[in-house]
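The values are calculated or read from the model by the stated rules, or taken from the named source; none is laboratory data. Quick caveat, the model's predicted, so the values are computed rather than measured. Don't worry about glycine lacking a Cβ; one is built from the backbone with ideal geometry, like all the others, and counts go over all protein chains shown. Note: areas computed on protein heavy atoms with side chains; ligands, DNA, RNA excluded. Shrake-Rupley method; radii C 1.70, N 1.55, O 1.52, S 1.80 Å.
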Amino acid sequence: MTADPITIACNLCQSRDAEPVRHRDRHGKPLRAVICRQCGLVWTDPRPSAEQVREFYRSQYRVEYKGIFEPQRKHTLRAGRAALERLGRLTSLLRPGARLLDVGAGGGDVVYLARAMGYDASGFEPNQGYADHAARVLKVPVTQGVYQDARIPAASQDAVTLFHTAEHLDDPFDAMTTVREWLVPGGLLVIEVPSVEATCQQPHQQFHRGHLYHFNLVTLEQMGRCAGYTVVTSGTSPDGGNIWVVYRRSEDPPAPRAGIPGNYQRVRRILDGHTSLTHAFSRYPYTRPAQKLLQRIREWAFIRRYASSAEVLAALAPRRA
């Protein structure tokens, strides 16, 4: 019996030299994830059409992933705290009043807090319920839509952010090249995604149909270079679960879309070594439940004082002098 053919070329190096690395999603349903033997990028193959992916995110994803159509106060608190940390990476790089566009804006948390910090921030979000929440409850300029349909003038943005968005896109390289045209010369692109090298969660929970691509820091940095950026700074979250890169629009020729020697072997070794047994002998099955319980208690103590998501974010917003 021969393996099913690879149907989608690698979004980074354009190779079709790939092999399966997983066959089930976090719910035990069939989902084939493959890894490129040339560069180490991981993606879902096969997958629905681009139109089906858009409709999934417009109407189904939030309900399937969180069981809600629009965020509750606890979701706003978590997203708001994360937004402050992520925006903190930009404070030394952006002038007051800089124009910032958040792609995949969720419930509007980044846009709300960026505006509170003095930036001219706006965004768009594919999910109807979350986009409506941002505009109606938070009263921030977030519209419903996808980047392919956005009418953003060329060279109109000082910074564009994609926080946990790129992994959901059917063509993240195209998104990066599109965003480059929206940026002023020297403008910033910021991307944060889950790390394919993460071992802080159970191995069977790592892949699900909402994430179409899986990066490590090497592939994420290199995709930006190939799309016409230089890397300003990058990093990994303390638990290894997330990675982020701040890029700057470059006027130099982009890097070639080629393989990355050794990265396939690195990613494959980590994925193969992350098993239920090795996870059981790590600290995470014992420390993460306690940390989550403490987090839930603290969240309840915080949100019980506020009646709406807008009030929660207002309490989190930094006070300007």
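Here are a few things to note about the model shown:
- Among the GluC sites (Glu not before Pro) in the stretch 8-105, none is located in a DSSP loop while being surrounded by at most 12 other Cβ atoms within 10 Å of its own Cβ.
- The value of relative contact order for the chain, using C-alpha pairs under 8 Å at least six residues apart, is 20 percent.
- Segment Arg81-Asp239, length gained on full extension (0.36 nm per residue, minus Cα span): 55.2 nm
- Loop-resident trypsin sites (Lys or Arg not before Pro) (DSSP state other than H, G, I, E or B) in the stretch 96-163 with no more than 16 further Cβ atoms inside 10 Å of their Cβ: Lys139, Arg151.
- Within the accessible area of the chain (1.4 Å probe), percent carbon and sulfur: 53
- Rounded to 5, the percent of DSSP beta bridges in the chain classed as antiparallel: 55
- Cα-based reach from Lys29 at 16 Å (exclusive), listing aspartates and glutamates while leaving out same-chain residues under 8 positions away: Asp45, Glu64
- Placing a label point 7 Å from the Cα of Arg268 along the Cα-to-Cβ direction, the residues of the stretch 1-31 with a backbone N closer than 19 Å are 2-24.
- The residues of the chain expose, per residue, 47 Å² of accessible area to a 1.4 Å probe.
- Residues with amide H under 5 Å from that of Val21, placed H, sequence gap 5 or more: Ala33, Val34, Ile35
- Length added when fully stretched, Leu293-Glu51, from 0.36 nm per residue minus Cα-Cα: 83.2 nm
- Only alpha carbons enter this Debye calculation for the stretch 1-156, each as an equal point scatterer, and the log10 of I(q)/I(0) it gives at q = 0.12, 0.14, 0.21 Å⁻¹ is -0.69, -0.88, -1.22.
- Estimated [θ] at 222 nm from DSSP helical runs (n ≥ 4, -39500 (n - 2.57)) normalised by residues in the chain, nearest 500: -9500 deg cm²/dmol
- Checking every one of the chymotrypsin sites (Phe, Trp or Tyr not before Pro) in the stretch 215-318 against DSSP loop status and a limit of 14 other Cβ atoms within 10 Å picks out Phe281.
- Lys139 versus Thr278: modelled label distance in nm, points set 7 Å from Cα along the beta carbon direction: 5.2
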